[in-house]
1. Of Ser75, Pro33, Leu64, which is farthest on the positive side of the dipole of the chain, counting Cα position, with +1 on Lys and Arg Cβ, -1 on Asp and Glu Cβ, and the Cα centre as origin?
2. Tell me the angle of helix 50-72 to the major Cα principal axis of the chain, expressed in degrees between 0 and 90 and rounded to the nearest ten.
3. With an 8 Å cut-off on Cα pairs and a minimum separation of 6 or more residues, tell me the relative contact order of segment 15-72 in percent.
4. Send over the semi-axes of segment 6-74's equivalent ellipsoid, whole angstrom and largest first, taken as the square roots of 5 times the C-alpha gyration tensor eigenvalues.
5. Going by a ≥ b ≥ c, the root eigenvalues of the Cα gyration tensor, does segment 40-89 fall in the rounded group (a/c under 1.5), the prolate group (a/b larger than b/c) or the oblate group?
Amino acid sequence: MTSKPTCGEHQTLKEWRPTTFEYREEGISVRVPNVYAWVCPEDGEASFTPEIVDEIIVTVRELLESAKRARARRSVLTEYIVSVGEHAA
Ligand SMILES: [Zn+2]
C-alpha cells in the first residue's frame with residue numbers, strides 16, 4: 001500500500017475503510033456493501049483500487065445479466081440482496 005491519497009476537491013487525506021460499491025447500467029443498479037476503498041471523510045466519495053474493481057466487476061456483470069433476465073420476464077421483484085459467507089455485522 002502506498003501513501004494515503006488526498007481528495008483533490010477537499011484537500012483532505014482519504015481514509016481506507018469499507019464503503020458501498022455501486023454500479024448502474026440500463027436502469028439497473030448493483031450495490032456491493034462493505035468494500036474497502038479510499039474514502040473522502042468530507043463527502044464520502046470513494047476511490048476503488050483497480051484490483052478491487054477487477055474482482056468486483058465480474059460478479060457485478062453476472063448480477064446485471066440476472067437482473068436483465070428478470071426484467072425481461074416482467075418479474076414483480078425489483079430488488080435482490082445476495083450475501084456470501086459470514087455476515088460481517
Ligand atoms: Zn472530498
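Read the figures in this text as sums done on the coordinates, not as results from a lab. Please read all numbers here as calculations on a predicted model, not as lab measurements. In this analysis, Cβ positions are derived from the backbone assuming ideal geometry, glycine residues included, and neighbour counts consider all displayed protein chains.
1. Value: Ser75.
2. Once rounded, one gets 20 degrees.
3. Relative contact order of segment 15-72: 30 percent.
4. Equivalent ellipsoid semi-axes, largest first: 29, 12, 9 Å.
5. prolate
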